[in-house]
Amino acid sequence: MIKLGVNIDHIATLREARKEGFPSVTDAAAVCEKAGADGITVHLREDRRHIQDTDVFGLKETLRTKLNLEMSANDEIVKIALEVKPHFVCLVPEKREELTTEGGLDVARQKDRLAGITARLKKAGIKVSMFIEADIDQVNACSQIFADAVEIHTGKYARFFKERGKISPEFKDEIKKIADASSFAVSKGLTVNAGHGLDYANIEKICSIKEMNEFNIGFSIISKSVFTGLEKAVSDMKSLMRKYTFE
């Protein structure tokens, strides 16, 4: 069964819109766990547009499952991660002007720097993942710097599903790239996760990739929760993943 990590960044987005003490990120995480989430993901961005430092520390104290901290390779954020000691760190590219993470990290071009950061995090007992495109060269670079896992960026997968239909040539090609990259990653001893743009409509096909360990999904779940409640939104996603994994 593929695990579900629920990204709760946008609970904090709503809170920060009015700078109130609610809705509570830790309360939201507890609801997600009750609904069957296997872990909680948050992105501590350099501009602190949603998740704050106190959220990360609070989640580490209260979670019953695991904390996956998405972060850039910024020195300040790395220091915070070393203090918090989340269960997992996922290094992602970050630009202040972007609405959300726009693509994968170019590990191959930053191997020396990322190798050093990876070593520091692993020495602290933190498992390290790299958020990358479905590209064999990037997977190989992740192996060379001794990352524990890769998270495949599924933005193109989601976009081709939405724009051109799930049986379009572009969609099929992207699925094959993800499957090939996943297979190669496992052969290199890497755990394979995936995320970005995954939702209730497009989750089916990616569940068929047998190497997948975990999906990190946020926006679609939080959006649905406005109408159904958070517990049901998480539970419904888990049910679909179970259905499509075992079909």
In range of the label at Ser239: residues from the range 176-220 whose backbone nitrogen is under 15 Å from the point 7 Å along Cα→Cβ: 200-201
Positive dipole terminus of the range 161-247, leading residue within Leu190, Phe219, Ile167 (C-beta point charges): Ile167
Projected label distance in nm at Lys19 and Phe246, using a 7 Å step from Cα toward the beta-carbon: 5.0
Computed magnitude of the charge dipole of the range 106-247 (debye, nearest 20; Cβ of K, R +1, Cβ of D, E -1): 220
Solution diffusion estimate, µm²/s, Stokes-Einstein, the range 1-143, Kirkwood Rh from C-alpha pairs, 4 °C, viscosity 1.567 mPa s: 82
Quotient of Cα Rg and 2.2 N^0.38 Å for the range 97-247, N being how many residues it contains: 1.08
Cross-link reach list, lysines versus Lys34, counting only Cα pairs under 28 Å and skipping chain neighbours closer than eight places: Lys3, Lys19, Lys60, Lys66, Lys85, Lys127, Lys205, Lys210, Lys224, Lys232, Lys238, Lys243
Other-chain or far-sequence residues with amide H under 5 Å of Asn7's (modelled H): Thr41, Ile217, Gly218
CD proxy at 222 nm, helix term only [per DSSP H run n ≥ 4: -39500 (n - 2.57); per residue of the chain; nearest 500]: -15000 deg cm²/dmol
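Bear in mind that the values in this text are calculations on the coordinates, not laboratory data. All values derive from a computational prediction rather than experimental measurement. With ideal geometry, Cβ positions are generated from the backbone for all residues, glycine too; neighbour counts draw on all protein chains shown.
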